[in-house]
Amino acid sequence: MKFPRSSGLLLHITSLPGRFGIGDLGPCAYEFADFLASARQKLWQVLPLNPTGYADSPYQCFSAFAGNHLLLSFESLREAGILEASDVVSPPFPEDSVDYGHVIEFKLKVLRRAAQVFFADAARADRTAFELFCENSASWIDDYALFMACKDVRPENTWATWDAPIRRREARAIREWSAKLAPGIQAHKYWQFEFFRQWERLKAYCQQRDIRIMGDIPIYVAHDSSDVWAHPNLFQLDDHGFPTVVSGVPPDYFSATGQLWGNPIYRWDALAANGYRWWIERLRASLNLFEMVRLDHFRGFEAYWEIPAGDTTAANGRWMRGPGEEFLSALQNALGELPIVAENLGVITPPVENLRRQFGLPGMSLLQFAFGNDPQGPSFRPHNYSRDLVAYTGGHDNDTTVGWWSSSGAGDSTRTAEDVRKEREFARAYLDLRDDRDIHWVMIRTVLSSIADIAILPLQDVLGLGSEARMNLPGTISGNWKWRYRRGVLSDALASRLRSLTAIYDR
């Protein structure tokens, strides 16, 4: 799909400021949309909005269809008369990071109160809207709400360790657990109703300001999810529900053992047998939320790395053929032209690029990768760009530009001090960098001035922040997804500078 020349910012909802310990769909989200409009930005890119599970990662979620109830705005619930001021007296939270443990404990207590009030006192129109939402979400919401209510009872256990009858979804067990956990099930359904209602209001506000929102679809889903529990036939599992093979990427220039992600692998034959219906519904749900989506790990649809379950590294995996053209044709036939950006980073082969181009999907390029000794580095240099690209200074898995530039390479087994020196020397020459303090703005200008149809800038780079603002460090399981910006940093001067560059480069 061809996208108009434009630019925007990358900022996940959790990174917004606010009173309640985590960014949400409340006033600060609208303030950020106002900043985007003032800076003449046309895109707001977010990470997956699904309910997070393992390590609080938006790429390991309890559902591929549900929204993250932790993002619900208490201010909106107060305005609707669901909550009182006394309900939302919050303990002190850090301003510039998310303390997930305390946030979850606090927000769930308030959200349970909100559900009780809604079902006791909601107006007829709201109850009717809730019932209509549940009816329209019937393909996933009953399974999700029961799954989450069961998780509430024993949060430390994955579904594959549940008692056999409910693990196997026997009809009698489903009826018994649904009756026993009815209040919790209804609460989870109500939170989904509110999430999508609040999201639609924010989306409409952005549309009124000519801002499109780009979402993110991980290729895989978490094993401990309602998706795998409800559709075990679509995944490679043993008789007890545990994966027989798992996902990752092979050893390469950057890692001698590869990356072991651990997600269950699809049974593509089973998906194909019913016309890829589950995937079509997943993409349709995402396109109801967003105007366009980034499809993570696109190369896995051409060929994917399959690792025996139980291995501690990705080294012993093997390449398996993905669903490729047949899969994308099924999506296109069902949904029309695909507003998808293909995440084609890493070791990308000609067949992967041929598949991307066959379906007219823009790829991605990260400027931080242009100057080191990555064998694919030349493709990330702007003089080699094509128009069908989304160009970034860096992404959510990268250090910030200032942090990357300031790094000594210590603790990085893939780069020596000499590698870092050569990388900086080449970057200075390529970018014509005169002052290291300007590195983030020089990189921003370089991306905006490129011929790539779309340019996306992480807000951390616009703010010139260092490694303390990094969103994620791949390969680590703690300390990630926590960064938040402080209220007041989105100044008129910052918007003016972005607005000027946007005008200069016709974005």
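The values are calculated or read from the model by the stated rules, or taken from the named source; none is laboratory data. The shown structure was predicted, so the numbers you read here are calculated from the model rather than taken from an experiment. Note that we place each Cβ from the backbone using ideal geometry, even for glycine, and neighbour counts take in every protein chain shown. Just the protein is used for accessible areas: all its heavy atoms, side chains included, with ligands, DNA and RNA removed. Shrake-Rupley method; radii C 1.70, N 1.55, O 1.52, S 1.80 Å.
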**For region 119-158: rounded, prolate or oblate by the Cα gyration tensor [a/c cutoff 1.5]** = oblate
**Asked** Can you give the accessible area of His69, probe radius 1.4 Å, in Å² rounded to 10?
**Response** 20
**Message:** I'd like the GluC sites (Glu not before Pro) in region 117-216 restricted to DSSP loop residues with at most 15 other Cβ atoms within 10 Å, sorted by number.
**Reply:** Glu156, Glu170
**Prompt:** What is the P(r) of region 248-308, as percent of Cα-Cα pairs per 5 Å bin from 0?
**Reply:** 4, 13, 18, 23, 18, 12, 8, 3, 0
**Asked** So which of Lys109/Lys189; Lys151/Lys482; Lys107/Lys151 end up more than 22 Å apart by C-alpha?
**Response** Lys151/Lys482
**Request:** Rank Thr349, Trp305, Tyr385 by how far each Cα sits towards the positive end of the charge dipole of region 272-429 (+1 on Lys, Arg Cβ; -1 on Asp, Glu Cβ) and give me just the farthest.
**Result:** Tyr385
**Request:** Work out the charge dipole of region 1-156 with +1 on the Cβ of Lys and Arg and -1 on the Cβ of Asp and Glu about the Cα centre, then indicate which of Phe133, Ser97, Ala39 is farthest towards its positive end.
**Result:** Ala39
**Asked** Gap in Å between the Cα centre of region 357-407 and the Cα centre of region 101-180?
**Response** 41
**Asked** In region 361-377, which residues have a backbone nitrogen under 16 Å from the label point lying 7 Å from Asn384's Cα in the Cα-to-Cβ direction?
**Response** 363-377
**Message:** What value in Å³ per residue do you get for the convex hull of the alpha-carbon atoms in region 1-94?
**Reply:** 146
**Request:** Normalising by the residue count of the chain, find the relative contact order in percent from Cα pairs under 8 Å and 6+ residues apart.
**Result:** 20
**Request:** Give the Kirkwood hydrodynamic radius (Å, one decimal) of region 461-507, defined as one over the mean of 1/r across all pairs of different Cα atoms.
**Result:** 13.0
**Request:** Diagonalise the Cα gyration tensor of the chain and give the resulting equivalent ellipsoid semi-axes, square root of 5 times each eigenvalue, largest first, whole Å.
**Result:** 36, 29, 22
**Fill in**
Rg from C-alpha atoms of region 298-451, normalised by the globular rule of thumb 2.2 N^0.38 Å, equals 1.21
**Fill in**
Among the Cα-Cα pairs of region 219-285, the proportion with separation greater than 13 Å, in percent, is 67
**Prompt:** Per residue and in Å³, how big is the convex hull formed by the alpha-carbon atoms of region 393-507?
**Reply:** 124
**Backbone HN-Hα couplings from phi across region 153-159 [Karplus 6.51/-1.76/1.60, Hz, Gly and Pro as x]** = 6, 9, x, 7, 9, 6, 4
**Request:** Only helical DSSP H runs with n ≥ 4 go in: add -39500 (n - 2.57) per run for the chain, normalise by residue count and round the 222 nm mean residue ellipticity to 500 deg cm²/dmol.
**Result:** -12000 deg cm²/dmol
**Asked** Rounded, prolate or oblate: which fits region 103-236 when a ≥ b ≥ c are the square roots of the eigenvalues of the alpha-carbon gyration tensor, with rounded for a/c under 1.5 and prolate only if a/b beats b/c?
**Response** oblate
**Message:** What number do you get for region 18-152 when its Cα radius of gyration is normalised by 2.2 N^0.38 Å, N = residues?
**Reply:** 1.14
**Prompt:** Once the other residues with Cβ under 13 Å from the Cβ of Val245 are scored (Lys, Arg +1; Asp, Glu -1), what is the net sum?
**Reply:** -1
**Item:** Bins of 10 Å from zero: percent of alpha-carbon pairs in region 238-359
**Value:** 12, 39, 35, 13, 0
**Message:** Please report the antiparallel percentage of the DSSP beta bridges confined to the chain, to the nearest 5.
**Reply:** 40
